[in-house]
Structure formats: structure tokens, C-alpha cells
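Values in this text are rule-based calculations from the coordinates and carry no lab data. For clarity, every value in this text was computed on a predicted model and none was experimentally measured. Please note: Cβ atoms are built from the backbone with ideal geometry, for glycine as well, and neighbour counts cover all protein chains shown.
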Amino acid sequence: MPESPSLVAGTVADVAFTDLLANGQAVGRIGGLVVFATGPLPGECATVRVTAVKAKYAVADVVAYQTTSEFRAEPFCPVFGMCGGCQVQHLAYPAQLAWKEQIVRNALRRIGGFADLAVERTVGMTVPRAYRNKMSLVVDAQPGGTRLGFYQARSHDIVPIESCPVVVAQLDAGIAGLGAAAADPVTAPAFAAVKHAIMRVGTALGEAVLSLTTDVHSAAIAAAAPALALKLPGVVGISNSFEPRNANAVLGRKMAYVWGAREMEEVIEQVRFRVSPASFFQVNSEMVGKIFRFMAPALAGERRRKVVDLYCGAGTFAIFFASRGAEVVGIEENAAAIREANLNAELNGVAGRARFITGRVEGAVANPAGRAALRNADIVFLDPPRKGSDEATLAAIAAAGVDHVWYLSCNPATLARDLRTLEGKGYRPRTVQPFDMFPQTGHVETLVTLHRSGVTPIDLPPVERTPWSDAAPDWPADDRFVPDAEAST
């Protein structure tokens, strides 16, 4: 890439922006050098002032816009651009869906080497706001009062908030309730040592649970819990999470359940889930329902599918598969999540069709029980963390000769890497379907179905459409830019 030795901090230049990163930074060029700026959209020209120059890129702030994109929208949150929770409220929702489709396509092509693999239109939400069923607030107790908020983008500075338009209405009311509790002399002592407040709600029944994170166990939280619950709509349980692993951890390694129930209940597509504040559970219940409905036809029929669910968490997908008649083995390293998965299986009357193994996935698939489960499986379902799966796990799937792999990913880059590995082991991608699990952000969830060479693929029916998806434009991609050069500011 050509260097621009004359480019220094303070330089002012007009830049045409051609691409958009998942972190919300737009991509342009000054004299051949990539420049990142927060605010512009592809197709826009802006006058910028350079703030930093690195070996392979520069970072700039916008001074003024020369042109604006037809895709630009008015942000609906007063702290957008400061709060790090949302990155693209300034991008119209149909364009967000098209952009996320392009993010997946680019990752598959550049990282996975899949030049011609078709990517379906991104499945959008009915209303792309007020969707998050969980929030993690930063709590900053000061002598002058307690602040509640979220972290600033790429910073640990707090952006104080009084409401949030992307959390469900009950959680939004909970922000005000927590603020009132922190100011009330009866409940204020509970917040003196709190670092984070995590609140999760089941949208179907309105049950909520709250966990307050401290460095050490707090007797003040237990003492104030009954009064605190009265200020929070629908709260059925309060816990104290303590001893975090590091300064950035939102939850602690230990949990004391100090009042009420451990879990709240959510219902998605007639499947019931009891979930605690600490468990991994998808934040968008509507979109989980759409993923369920997309996969359901493949589970129908007289033949009972045998499914291995890797990284199963509290059993979200395992319980769904079992509720649709499949025999399921779930593998998860978190013992507390396995406890909830077993309880959820009993709650739904599928304990006879769903069993769970506690252990790290790469180790569990190599032990006798894991190997036997893979050999018997028709389908392996993977929903790994952002870092993706690993060579040992993917090799074990291939060695067992599993016919079908369904891979649900929240990270297109690691998805593309793992699909390339699976292709090298004889698996062929069939369907690539993005889902907008996180509207207004740069994150996209993608379900990919694969089948072993020589095996008839499982074809899923077309996904349900929304007006947003049908209105999604063609996204202007800049093929010269390589995402590995993303700025970190």
C-alpha cells in the first residue's frame, strides 16, 4: 500500500468514503493511505482533520460533510456517537441489513476463499428497536451521587444515561428504577461498592432478574434486596456477583442469590427457558424465534433426528431441537449452564431426549462419550463464542463422519476460517443465512448449513421475509480494502 510521508496529525483533507467497518468507522483514503473516521457512510465525501498517523493507516475526525448518502438516517438516541453500544444508528435499517450481508460475503471470500458462495438476504426485525432482553450497566458510586451508564466507544469512560432505546421497555423502566434506588437512603447502601448492574427479562412473561457485581461479597445488597425489588418492574430475583476475574469483567466468578428466584422465564416458539443473569442466552428473543422457525422443517417428519449441540450453554437450541422430536446431546464447559440445561429439559418434558455433557468442547468430543455421540449424530450444531471453534473439534466432527453440520456464528471472520477448515475435511457449504440479532450495531449472526461430500444436503425452505429485508439495497463494497487493517483507537 503506498505510503504518504507528508501526512501528519493536523492535516485537513477532503476524503471520499467507500466502506464501513463493523465498529462503525468509515474507510477512505488520503494519497493512497487508508483513513478511518467515525460518522461518514460509504458514498459520502467529508472534510476531515487527521488525528493520528500509523504505518498502514490514519485516523481522522470529520470537520464538515460535502455530500451525504441516501442511506443516512437520523439517530434516535441522544448519546449515539458517545455510547459504545450502537455503531450504526445513522444508517437506515434496510441499508444495515444489506451492509451485514456484505460483511458476511466479504469474510467468506477473503478469509474462507469462497468466491462464489451465495449469501441470502439478512433477516431483519419487525421493529429494530427495544429488542435487547439483557443490559449491563456500569455503576459509578460517587459522594455526589451514583451514575448509571454504558462505556464510551473504545474507552472505559462512562456515558451516563437515563434511558436506552434498544433495550426492551421493561429494562428501560429498570434504568429509572435503579437510578431511584441508588438515590433512596433505604436502598442506596447497596450500590456503594457496585461496579455493574446486570438485568435480564423474559419478554413473554415479564419476569426479570437483577445481579449486582462487586469485588467482594456485599451484605448491603442482601439487606436492601426486598426494598430494591419494589422499585424494579417484574423483578423476581436479585443476586450478588462477586470476585470478578479482572477489572474488565462484568460478572464475578461467584454468585450469591440473595432474594427471590435464581432465574427468570422466557418462552420462545412454545419452548420454555429458565435463565439466570450469568448464563449465556441470546439477547434478542424475536430473532431466536426466527432462527427456530427456519430450522424447524428439517426436524419434522417420522424420522427422529440425532443432534449433537456443541457449546450448548443453558440449552437454548438443544431444548428446541428436542421439543421438535430430535434426540440431542449437548456439550458445554460451564457447569452452571449445564445445570440450567437439565432443568430446562425437565421443564419442557424432553429430559428423555436431551442429555448434557459438562466439559470443554475440544476435550469432550475426544472422550468415549463424545466420540460415540458424534458417530451417532445426523447433525452437529455449533454455536461457539466469537473466537470460533478449533481444529481439534472440527477434526473430530469429520473423523466421526457426521453427515450434516449447522454452524451458527456471531463472528463472520472466524466463521469463514472454520468453514474453510471444514471444506478441507470434505464438507460443502449449502445455505448461508444472516440474521440481524443486533440491530443498530456492527454485529451479525449467520447460520451456515454444510453437508459431507456425497451426502444429500438438507435444504431448508426460504426464510420468512420482512419489509425491511425486501427494501435492502445493494451495498457498495470497496474490494481494495482488507479488513485486517482495522483501526483501533
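Calculated mean residue ellipticity at 222 nm for the chain: -7000 deg cm²/dmol, from DSSP H runs with n ≥ 4 weighted as -39500 (n - 2.57), summed, divided by the residue count and rounded to 500. Taking amide H positions as modeled 1.01 Å from N, with prolines and chain starts lacking one, the residues under 5 Å from Ala354 and 5 or more places away or on another chain are Val328.
Taking other residues whose beta carbon is less than 10 angstrom from the beta carbon of Ala92, and scoring Lys, Arg as +1 and Asp, Glu as -1, yields -1. Structure note, pairs Lys134/Lys231; Lys306/Lys425; Lys54/Lys100; Lys195/Lys254; Lys100/Lys425; Lys100/Lys306: Cα-Cα distances above 23 angstrom occur for Lys54/Lys100; Lys100/Lys425; Lys100/Lys306. Listed from fewest to most Cβ neighbours within 10 Å, the set Ser239, Ser6, Ser218, Ser136 follows the order Ser6, Ser136, Ser218, Ser239.
Between Cys45 and Lys425, the modelled label-to-label distance comes to 5.1 nm, taking each label 7 Å out from Cα in the direction of the beta carbon. Taking the DSSP beta bridges in the chain as the whole, what percent of them are antiparallel, to the nearest 5? The answer is about 70 percent antiparallel.
Find the relative contact order for segment 134-266 and round it to a whole percent, using C-alpha pairs within less than 8 Å whose residues are 6+ positions apart.
Values: 295 pairs, mean separation 29.0, N = 133.
The normalised contact order for segment 134-266 reaches 22 percent.
Ala182 sits among other residues whose Cβ lies under 15 Å from its own Cβ, and their net charge, with Lys and Arg +1 and Asp and Glu -1, is 0. The charge dipole of segment 282-470, taken about the Cα centre with unit charges on the Cβ atoms of Lys, Arg (+1) and Asp, Glu (-1), comes to about 440 debye, rounded to the nearest 20. As a proxy for reagent exposure, Phe280, Phe320, Phe356, Phe17 were ordered by neighbouring Cβ count within 10 angstrom, fewest first; the result is Phe280, Phe356, Phe17, Phe320. For the chain, the residue among Pro233, Gly28, Trp406 whose Cα projects farthest onto the positive side of the dipole built from Cβ charges is Trp406. For segment 441-450, backbone phi angles converted through the Karplus equation (6.51, -1.76, 1.60; θ = phi - 60°) give residue-by-residue couplings of 10, x, 8, 9, 9, 9, 9, 10, 9, 10 Hz, Gly and Pro being listed as x.
Would you mind working out the magnitude of the charge dipole of the chain relative to its Cα centre, with +1 at each Lys and Arg C-beta and -1 at each Asp and Glu C-beta, to the nearest 20 Debye?
The dipole magnitude comes to about 1000 debye.
Ordering Val63, Val48, Val455 by the number of other Cβ atoms within 10 Å of each residue's own Cβ, fewest first, gives Val63, Val455, Val48.
Restricting attention to segment 264-325, which GluC sites (Glu not before Pro) occupy a DSSP loop and are surrounded by at most 14 other Cβ atoms within 10 Å?
Glu302
Among Gln96, Pro462, Met82, whose Cα sits farthest toward the positive end of the charge dipole of the chain (+1 at Cβ of Lys/Arg, -1 at Cβ of Asp/Glu, about the Cα centre)? Looking along the dipole axis, the top candidate is Pro462. Mean separation of Cα pairs under 8 Å and 6 or more residues apart, divided by the residue count, gives the chain a relative contact order of 14 percent.
In this simple spin-label model, placing a label point 7 Å from the Cα along the Cα-to-Cβ direction at both Asn246 and Val8 gives a separation of 3.7 nm.
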